[in-house]
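Undergrad: Supplied in structure tokens, the structure appears directly below.
All of the numbers you see were taken from the coordinates with simple rules; none came from a lab. From a predicted model like this one, the values you see are computed outputs, not experimental measurements. Cβ placement follows ideal geometry from the backbone for every residue including glycine, while neighbour counts extend to all protein chains displayed.
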Amino acid sequence: MTELDESTILQAARRGLEVLRARQDGLDARVVRLPGEAQTELARIVARHARKTVRSARVIQTADADDLYYLEGVWELVAARGVAVLMVHLLPYENWVPSGTSPSGGIRIRSLSVSSLPDELSLGARQTWLVDECVVITESAGTSGRSGEWVVSSRPEDVAAASRLMDQIESIDAPRSGVALEEPLALSADLINGVAGVLCRGDHVSVQGCDWYHGSWQYLRLLNLVSTPTWHSSFYASETASALASGGNALITGTADYSVLAYVLAAALTTNAKTAVLDLCPTPLFACSWYARRLGASVDCIQADVFSRPASLLGSADLVVTDAFLTRFSSDATEDVLDLWADYAKPGGRLVTTIRVHSANPVGRTHAEAVEDFVERAVSRYRRWEPYLDKTPGEIATLARTYGNLMISNELGDEGSIRGLFEDHPRWSVRSWERAPVPGELFPTSYVRLVCERVEKS
């Protein structure tokens, strides 16, 4: 065995350093970087040189119709040469279809809601094209939704990662329901977060200031981490439709955003029922107006304390509806809230709501431990939504931690105690009552789903 030549190691180390620097500097011969405006030229290159397959996945945003129309035309020409082409559209919510796009001959097009992707699946790029399983082309999201840069790579590790990503996406079986009440949270979360810092003045959640609440709410809803009507979807859909079957007036008393409104409008738009939203803070009213405009609906948004009892609303509602509202108040105030709802409802009008049963919370960990788990879940679930939103994982963690530490839901007793509040009230009669387990926020728990009728008991 010959003696080790120290110069051999030094030369090898220098070569290793050159490779490392090349990768860090973007000078790896197997990697080419182009500006965000390069999509047209890259598509032409792929169209000329693809021989077997093109698999692509794209995070679809509202302004993408022209790009999609162009790409579908290019890929259709590629498919005409016998190349197998797949386009996967990753949608911000299930029932949204970008205008100007339609299936084209010779290519396969799949549309999936990002919500159907597993938590651990990180998209990483705004677009991914995998060509002949040997070259991967990706587009980064850039800042504020603008194009970043394109990276063309033949490195085996990059190609393998892209292939695994496409395999995972293709394996997801998530047929479009066509009827689900999906909401455009990925389109509005940044907007509502931005206006909360300007509009929020304080409400029943926090009289000192509620921007921490309304500013984080839609992100946390998108991540399915907070209690919303979505956890009671069939209940709200069926009961609002039943209450407004003959039209009439609906009143939402307190809301964090447009989540309750989505169910009310789904029922009201078929019967021409009128809808009003009453809240002390202008931020959720802004959100409701934004959502209603998207549907072409008319909603009366009234900024006032629900306890101020605006004269125009008294005795006007065929349906009074709100989600998890009662536990925002102490047990001493619950009688006042029930009186309030009765004042707004017509005789024979209905109250549809849910109420958290705190006694169903499990024990075994501290509040601080639960908050940190809440934060970890937020960051993990955010990965799939990151290309849509103008937030970093660290910012999402901060929003989640603040919410977990500040949000208060007041305990009103066990299920029997809560039911007794309504059964003993002289102006409400319980029509239906069910208890349902839900994932919970910091702790798994149960909610009561309640429908009452406005009466005058003797």
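Undergrad: What whole-number distance in Å separates the alpha-carbon centres of the range 371-435 and the range 223-296?
TA: 18 Å
Undergrad: Name the long-range amide H neighbours of Val88: under 5 Å, sequence gap of 5 or more, or other chain; modelled H, no Pro or chain starts.
TA: Ser56, Ala57, Arg58, Arg110
Undergrad: Could you work out the relative contact order of the range 185-454? I mean the mean sequence separation of Cα pairs under 8 Å and 6+ apart, divided by the number of residues, in percent. The partial results should precede the final answer.
TA: Working: 500 pairs, mean separation 52.9, N = 270.
Normalised by residue count, the contact order of the range 185-454 is 20 percent.
Undergrad: For Cys301, what residues show an amide H to amide H distance below 5 Å, using hydrogens built from the backbone and excluding near sequence neighbours?
TA: Amide H neighbours of Cys301, under 5 Å, 5+ apart: Val277.
Undergrad: Still on this structure, please answer the following. Net charge around Ala368, counting only other residues with Cβ within less than 14 Å of its Cβ (Lys, Arg = +1; Asp, Glu = -1)? Present the calculation step by step, with values, prior to reporting the outcome.
TA: Working: positive: Arg365, Arg401; negative: Glu369, Glu372, Asp373, Glu376.
Charge balance near Ala368 sits at -2.
Undergrad: Here is a further query. Could you work out the local net charge near Val448, counting Lys and Arg as +1, Asp and Glu as -1, over the other residues with Cβ closer than 9 Å to its Cβ? Show your work: numbers first, answer last.
TA: Working: positive: Arg356, Arg419, Arg435, Arg449; negative: Glu415, Glu434.
Summing Lys/Arg as +1 and Asp/Glu as -1 gives +2.
Undergrad: Here's something else I'd like to know. How do Thr271, Thr445 rank when sorted from fewest to most other Cβ atoms within 10 Å of their own Cβ?
TA: Working: Thr271 12, Thr445 19.
Starting with the residue having the fewest Cβ neighbours, the order is Thr271, Thr445.
Undergrad: All other residues with a Cβ under 13 Å from the Cβ of Val78 taken together, and with Lys, Arg as +1 and Asp, Glu as -1, what is their net charge?
TA: On the way: positive: Arg44, Arg48, Arg51, Lys52, Arg55, Arg81, Arg108; negative: Glu72, Glu76, Asp132.
The answer is +4.
Undergrad: Full extension from Asp414 to Ser298: what is 0.36 nm times the residue separation minus their Cα-Cα distance, to one decimal in nm?
TA: Result for the pair: 37.8 nm of gain on full extension.
Undergrad: Taking the mean number of other Cβ atoms within 10 Å as a proxy for protection, how do you rank 209-216, 379-386 from highest to lowest? Each step should come with its number before you reach the end.
TA: On the way: 209-216: 22.1, 379-386: 18.8.
Most protected by this proxy first, the peptides run 209-216, 379-386.
Undergrad: Indicate, rounded to the nearest 5 percent, the antiparallel portion of the DSSP beta bridges found entirely in the range 185-454.
TA: Expressed as a percentage, antiparallel bridges in the range 185-454 total about 50.
Undergrad: To continue, here is another question. Please sort 412-424, 255-267 by packing, taking for each peptide the average over its residues of neighbouring beta carbons within 10 angstrom, highest first.
TA: Values: 412-424: 15.7, 255-267: 25.5.
Ranked from most to least packed, the peptides come out as 255-267, 412-424.
Undergrad: Give me Cys200, Cys134 ranked fewest to most by other Cβ atoms within 10 Å of their Cβ, as a rough exposure proxy. Please report the intermediate quantities before stating the final value.
TA: Numbers: Cys200 20, Cys134 13.
Listing Cys200, Cys134 from fewest to most nearby Cβ atoms yields Cys134, Cys200.
Undergrad: Which order do the peptides 28-36, 243-251, 390-398 come out in when sorted by mean C-beta neighbours inside 10 angstrom, highest first? Present the calculation step by step, with values, prior to reporting the outcome.
TA: Numbers: 28-36: 13.6, 243-251: 19.9, 390-398: 15.3.
Going from most to least packed, we get 243-251, 390-398, 28-36.
Undergrad: Using unit Cβ charges (K, R positive; D, E negative) and no other charged atoms, how large, in debye to the nearest 20, is the dipole of the range 185-454 about its Cα centre?
TA: Working: 23 positive and 30 negative charges, 146 e Å.
It comes to approximately 700 debye.
Undergrad: List every residue whose amide H lies under 5 Å from the amide H of Lys346, counting only residues 5 or more places away in sequence or on a different chain, with H placed 1.01 Å from N in the peptide plane.
TA: For Lys346, the qualifying residues are Ser316, Ala317, Asp318.
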